[in-house]
Every structure is written in C-alpha cells, then in structure tokens.
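The next block holds one structure in the form of structure tokens; read it before the comments.
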Amino acid sequence: MSNDDTASPVTPEHASGDTKGGKSKSGKSRTGKSKTGGGSAKARRKAARLAAAQALYQIDLAQAPVENVVGEFVAHRLGEEIDGAKFVAGDPQLFADIVRGVTHRRAEVDGVLGAALDPRFPIDRLELLLRAILRAGAYEIAVHLDTHPRILISEYVDVARAFFSGREPAMVNGVLDHVARALRADDLAKPDPGRASSSEE
C-alpha cells in the first residue's frame, strides 16, 4: 500500500464502479446533486463518518484548507443524490468535528496509530483513503468517550467496506481494536451496547 493515489474525490461503491483486489473506489464529483435529508440519527452519524473519511482524503491529497473542505461538504455533499441514488444526509456537526479534530490533532492521532500499525506499514506509507479512515476512527475512539469503542470500530469497518473489497476492512478492525485497548481498555471491558440496543440509535 502506498500514498501515491492521484484520484479525485472518492465515492463509495453505491455511487461508483466496483473495485477488485483491495484498491480504493474513486470517481469524479458529479453534477445535478440534491440534498435528500431524512434518515435516523444513527444513519446520519454513519453517513457523517463516511463523508469525513472522504473529506480527510481530499485534504490529504490536494493539501486543501480544512475549512474550505468542511464548507464544501456541508453545503453541497452531505445528503447528495448521485445518478438517482439517494443518500442519507450526514450529521454536519459530527462530520465537522471529525474533520477538524483529525486535522488539528494529527500528530497525536498519528502517534497512537503508529503504535498500533505493523512496522512494515507505517502511517506515511498507507494508501491515502485507508489512512483517512484510520485517523477518523482513532480520533473518535480517543475523543468521543460517550460512544462505546466497539461501536466506533464497527462503524469504521463499515466505512472501509464501502470503499475496499480486499483486506483493508480487517486491517481497520485490527488497528482500531489495538487503539481502543491502548486508550480505553476499561470501556472495552464493559458490555457492548451495540449487541443489544445501541446508544447511538
């Protein structure tokens, strides 16, 4: 895996073609988008996390100012419609918190991830989108203490599955589990509310 990805803004498999062999799915932003809104609070948070990974990818790839990207996504890309496929509008506050938090605390987040990653794959060698997903997940595990870490790990594994068809989702699961054990071991020992009635619902 390398960080030499040169694609434009990425979209999940629902909006672009399939990708085999674990490579990311990417496509150009399309016109004719419209806000759809709706969705449960849980679905809106899930959509916000997926959008945050896309935004962090864009920031990393283009070295774009964080506030410009946050503004673009909130105004035009959260809850868009692409080729007739409607998407739940992501929670804009959670989206902005993740993107800004990862950006402003990148050194701290990368330090935590560095301790969890296989030495053969340091953070600066990871594919850009995979790195964005891991950074967002590690940030939330560290900061969003009101959400059980198992729920957060599961959410970011789902984000990885939206973009990758190879071993990347399993890698996200393993790395974020390591992060959670390092930062929130006591919370991991508690029952996972996601197995019954999730606190995020």
Any idea which of (1) more than 19 Å from A51 (Cα to Cα); (2) without any contact (Cβ under 8 Å) to a residue 24 or more places away in the chain; (3) not β-branched (V, I, T) is the one G166 doesn't satisfy? (2)
Please count how many residues of the range 111-122 are buried (at least 19 other Cβ atoms within 10 Å of the Cβ) and over 13 Å from M171 (Cα atoms). 1
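Picking from L152, L134, L145, L129, which residue would you name as being on the phi < 0 side of the Ramachandran plot, among the aliphatic types (A, V, I, L, M) and assigned to a loop (DSSP other than H, G, I, E, B)? Give the steps one after another, and end with the answer.
Values: L152 fails: assigned to a loop (DSSP other than H, G, I, E, B); L134 fails: assigned to a loop (DSSP other than H, G, I, E, B); L129 fails: assigned to a loop (DSSP other than H, G, I, E, B).
From the options L152, L134, L145, L129, the qualifying one is L145.
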Members of the range 90-110 that are under 18 Å from R77 (Cα atoms), modelled with pLDDT of 95 or more and crowded, with 19+ Cβ neighbours inside 10 Å: L94, F95, A96, I98, V99
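If I go through the range 55-77 residue by residue, how many of them are under 14 Å from T103 (Cβ atoms) and assigned to a helix (DSSP H, G or I)?
Number of matching residues: 15.
The values are calculated or read from the model by the stated rules, or taken from the named source; none is laboratory data. Just so you know, these numbers come straight off a predicted model, no measurement behind them. Methodologically, a virtual Cβ is constructed for each residue, glycine included, from the backbone with ideal geometry; neighbour enumeration extends over all protein chains shown.
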